[in-house]
Amino acid sequence: MSDLDQALAPAPPAVDACQAVDAILCSARGFERLDAWRQPLSERLQARLSPQRRAALLQRCGLIALLRDGDVVAAGQQFAQAIGLLEPDGPSELLLALRAQAGIADCLAGRGGRAAVQLTDAELGSRESGFSVPARGWLEIALALNCLLRSDAAGALEVLAGPETASPDEGTAGLLRLELALYAAALLGHRNQVTALSGHLALALIPRRLTLLEAGRHFVLGVAALRQGEALRALVHAEEGSSAGARAGARLALLLSGLLRAQALADLQRVDEARQLLQQLGPDWSCHGLNHLAAIGQLELAQLEANAGEQDRARQALAAARALLPVGEPLPSGPCLHPYPGRVRRRDQGPASL
């Protein structure tokens, strides 16, 4: 077949499916459209394909599970299968992206120590292989997220290396880098940087209706509000984030926003509402493998029970939080995935002393 014939030939079904899923993911909205591709992806996986094409299909299945369903268990399994197909052939940009995405799944599942080791190895290997800057983008996102979940906001900003200058033209990955930088700046109390990054993101996201990323922006701004003791503002951001996540069709965003809402309610002393929401979301987090969130939810419950004088219930919730994480993995040290000054004294007087 000539070069011209190859250029005009229809894309193979596996490639066609990947391109369709990618177009939806890059739009950062309308993820309900992904449901129509579940069966076609599954059917294409039954065909005789090269390891590279099978890995690409498994990667898209994993991304649907992670973002659309909020299912870290399924996503992690599919990423792992894809990595196993590619590893014998050595480094590639697809393998690098898969390792980054597997690292993100590990972080959310509460396996931060494993993610740190494997992501660091992947980053060192990517230097030797000379991958392009865009190809390394998701790896840097995963490394920054791991730093954030391990309470190292300064380390996250160092990994992101000046993201305030990133261009929205870099696409979804570039905008997500900005959101993680906003998150780190909020945790460090850098108000001027928070204001600048938030405005930059709003101008990039809102006109283009990138609702999944809008949900992330509201989540981060809610964290900043909690840090500043503005629980009502945090509650509003949680509600806006949940609304944006619903419009995006992304269950992962809803599960994250639920945690922020519960913590804002707790800080507003709306204790019964906070307890009810945490008890409702707890099974959702744990059955989808979001053990980092589930552990934080149990710590919140422990704090609420301790404040109410229910020491036995507080101890039970604290034990449940520990049971959700691998042995040796430290408990999350604060709310919304991170500590902040306004809550340190209250938390230290609660479950930490049980």
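The values are calculated or read from the model by the stated rules, or taken from the named source; none is laboratory data. Just so you know, these numbers come straight off a predicted model, no measurement behind them. For neighbour counting, all protein chains shown are included, and Cβ atoms are generated from backbone atoms with ideal geometry for every residue, glycine included. Quick note on the areas: whole protein, heavy atoms, side chains included, nothing else; ligands and nucleic acids left out. Shrake-Rupley method; radii C 1.70, N 1.55, O 1.52, S 1.80 Å.
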Filtered residue count, segment 31-66, keeping only those that are more than 18 Å from Pro88 (Cα to Cα) and touching a Gly at 6+ places or on another chain (Cβ under 9 Å): 8
Out of Leu281, Leu252, sole residue that is part of a helix (DSSP H, G or I), open to solvent by 10 Å² or more (accessible area, probe 1.4 Å), without any contact (Cβ under 8 Å) to a residue 40 or more places away in the chain and under 29 Å from Ala102 (Cα atoms): Leu281
Matching residues in segment 284-316 - criterion: being within 25 Å of Cys107 (Cβ to Cβ), open to solvent by less than 10 Å² (accessible area, probe 1.4 Å) and assigned to a helix (DSSP H, G or I): Trp285, Leu293, Ala294, Ala295, Ile296, Gly297, Glu300, Ala302, Gln303
Filtered residues of segment 90-126 (kept if farther than 20 Å from Ala156 by Cβ and open to solvent by 10 Å² or more (accessible area, probe 1.4 Å)): Gly90, Pro91, Ser92, Glu93, Leu94, Gly125
Hits in segment 103-139 - residues which are farther than 26 Å from Leu331 by Cα, in a helix (DSSP H, G or I) and of a type in the set (Ser, Thr, Tyr): Ser126, Ser129
Residue selected from segment 56-89 under the condition of a type in the set (Val, Ile, Thr) and in contact (Cβ under 8 Å) with a residue 60 or more places away in the chain, by the criterion most open to solvent (accessible area, probe 1.4 Å): Val73
Flag if Gln101 is polar (S, T, N, Q) and out of contact with any Cys (no Cβ under 9 Å at 6 or more places or on another chain): yes
Close pairs from segment 204-220: first among the acidic types (Asp, Glu), partner modelled with pLDDT of 95 or more and in a helix (DSSP H, G or I), Cβ under 6 Å, at least 6 apart: Glu214/Ala244
Looking only at segment 223-232, and only at residues there that are more than 17 Å from Leu176 (Cβ to Cβ) and in contact (Cβ under 8 Å) with a residue 12 or more places away in the chain, the one that is nearest to the chain's Cα centre (by Cα): Ala224
Complete set of residues in segment 35-55 that are among the aliphatic types (A, V, I, L, M) and surrounded by fewer than 22 Cβ atoms within 10 Å (Cβ to Cβ): Ala36, Leu41, Leu45, Ala47, Leu49
Close pairs (6 angstrom Cβ cut-off, 6 or more residues apart or separate chains): of a type in the set (Asp, Glu) in segment 294-320, open to solvent by 60 Å² or more (accessible area, probe 1.4 Å) and in a helix (DSSP H, G or I) anywhere: Glu305/Arg313
